[in-house]
Amino acid sequence: MSADTVTQPTPTSAPATELREAMMALARQLRRHRPDNGLTLSQLELLGDVSRAGVTTPAEIAGRLQVRVQSLTDSINELEARGLLSRRPDAADRRRQLVELTPAGLDLLLRDRAQRDAWLSEMMRDHLSELEFNLLMLTAPVLRKLADAEHRAQSVP
């Protein structure tokens with residue numbers, strides 16, 4: 001296959017392609033409507049992960065984000081220097097570092113999410129019919145189920 005050959009979706013993959021492309025287009029728009037807080041998307045992803053996980057370790061973060069611990073070091077250092085994350089030794093194992101969100105980090109995330117939620121709410125209100133809105137709300141738990149399926153499958157003994 002040459003570099004300029006594009007693989008066309010098969011009839012069985014077409015629904016997945018359509019859904020992926022629609023979700024990616026929406027994700028791009030959501031990224032465009034983030035407040036400019038001077039953080040990279042990777043740093044925001046790291047903050048979001050720590051927000052969801054609570055007190056955690058760099059190794060656990062790396063596992064969830066599917067990156068190497070070493071690749072998180074600069075981001076953790078930067079976020080700590082900005083007062084958005086804090087680090088402390090684990091009392092049970094002094095070799096391990098525990099990472100957690102600071103109040104300033106939580107505030108930044110809440111403002112970031114609120115701005116994107118406001119944009120999305122406005123778009124839904126202004127561009128969707130009542131039926132389209134209701135259908136979209138029915139799909140939200142289904143999309144969450146898909147997003148969490150791999151994690152749930154790995155945690156089943």
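The values are calculated or read from the model by the stated rules, or taken from the named source; none is laboratory data. Being a predicted model, the structure only gives us computed values, none of them experimental. Every residue, glycine among them, receives a Cβ derived from its backbone with ideal geometry; neighbour counts consider all protein chains shown. For the accessible areas, the whole protein counts, side chains as well, though only heavy atoms, and no ligand, DNA or RNA atoms are used. Shrake-Rupley method; radii C 1.70, N 1.55, O 1.52, S 1.80 Å.
Condition first: in contact (Cβ under 8 Å) with a residue 24 or more places away in the chain, part of a helix (DSSP H, G or I) and touching a strand residue (DSSP E or B) at 6+ places or on another chain (Cβ under 8 Å). Can you find one or more residues in region 112-129 that meet it? No - not one qualifying residue is present in region 112-129. In the condition set (1) open to solvent by 60 Å² or more (accessible area, probe 1.4 Å); (2) not in a helix (DSSP H, G or I), GLU21 is compliant with all but (2). Sub-6 Å Cβ pairs linking a first residue in region 42-58 that is within 18 Å of ASP112 (Cα to Cα) to a second residue that is of a type in the set (Lys, Arg), at least 6 apart or interchain, are ASP49/ARG64, ordered by first then second residue. Scanning region 49-81 for residues that are touching a helix residue (DSSP H, G or I) at 6+ places or on another chain (Cβ under 8 Å) and open to solvent by 30 Å² or more (accessible area, probe 1.4 Å) yields SER51, ALA53, ALA59, GLU60, ARG64, LEU65, ARG68, VAL69, SER71, THR73, GLU78.
Being among the acidic types (Asp, Glu), surrounded by 11 or more Cβ atoms within 10 Å (Cβ to Cβ), modelled with pLDDT under 95 and part of a helix (DSSP H, G or I) is the requirement here; does ASP107 meet it? First the steps, then the outcome.
Working: among the acidic types (Asp, Glu): yes; surrounded by 11 or more Cβ atoms within 10 Å (Cβ to Cβ): yes; modelled with pLDDT under 95: no; part of a helix (DSSP H, G or I): yes.
No; evaluated as a whole, the condition is false for this residue.
LEU98: modelled with pLDDT of 95 or more, part of a helix (DSSP H, G or I), in contact with a strand residue (DSSP E or B) (Cβ under 8 Å, 6 or more places away or on another chain) and open to solvent by less than 50 Å² (accessible area, probe 1.4 Å), yes or no? The answer is no for LEU98. Identify all residues within region 25-40 that are open to solvent by less than 90 Å² (accessible area, probe 1.4 Å) and either of a type outside the set (S, T, N, Q) or outside any helix (DSSP H, G or I) (or both); write none if there are none. Hits for region 25-40 are ALA25, LEU26, ALA27, LEU30, HIS33, ARG34, PRO35, ASN37, GLY38, LEU39, THR40.
Report, by residue number, each residue of region 83-95 that is part of a loop (DSSP other than H, G, I, E, B) and exposed (fewer than 12 other Cβ atoms within 10 Å of the Cβ).
First, the residues of region 83-95 that are part of a loop (DSSP other than H, G, I, E, B): 83-84, 90-95.
If the condition is that a residue be part of a loop (DSSP other than H, G, I, E, B) and exposed (fewer than 12 other Cβ atoms within 10 Å of the Cβ), then ALA91, ALA92, ASP93, ARG94, ARG95 are the ones that fit.
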